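Below you'll find the structure, written out as structure tokens, and then a few comments.
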Amino acid sequence: VDKSDIKTTEFKISGMTCTGCEEHVNHEVNKLNGIVNSKTSYEKGNAIIEFDKTKTNEMEIEKAINSTGYKVTDKEEN
């Protein structure tokens, strides 16, 4: 993996209430190709996802998060 292809984005997520919610989000996100790292926090209401932008993108990650029943409310590049 070329380091210049690695991108980190923070997704703000509403609806998570426990560590089980975090696991659910991480599980769905990690099904995607190109995910390097995902850190989800229900306390902060976010997920910080590191990914290879040649293999996936924010739209796909947002779809994966939304498929869990939680809602992405905002996202910003780090």
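Annotations for the structure displayed:
- Residues of the stretch 28-72 classified as in contact (Cβ under 8 Å) with a residue 40 or more places away in the chain, open to solvent by 90 Å² or more (accessible area, probe 1.4 Å) and either in a helix (DSSP H, G or I) or under 16 Å from LYS12 (Cα atoms) (or both), total: 1
- Leading residue by the ranking (surrounded by the most Cβ atoms within 10 Å (Cβ to Cβ)) among those in the stretch 1-27 that are among the β-branched types (Val, Ile, Thr) and farther than 14 Å from GLU58 by Cβ: VAL25
The values are calculated or read from the model by the stated rules, or taken from the named source; none is laboratory data. Model, not experiment: these values are computed from the prediction. Here the Cβ is made from the backbone with ideal geometry for all residues, glycine too, and neighbour counts use every protein chain on show. Note: accessible area is taken over every heavy atom of the protein model, side chains too, but ligands, DNA and RNA are not part of it. Shrake-Rupley method; radii C 1.70, N 1.55, O 1.52, S 1.80 Å.
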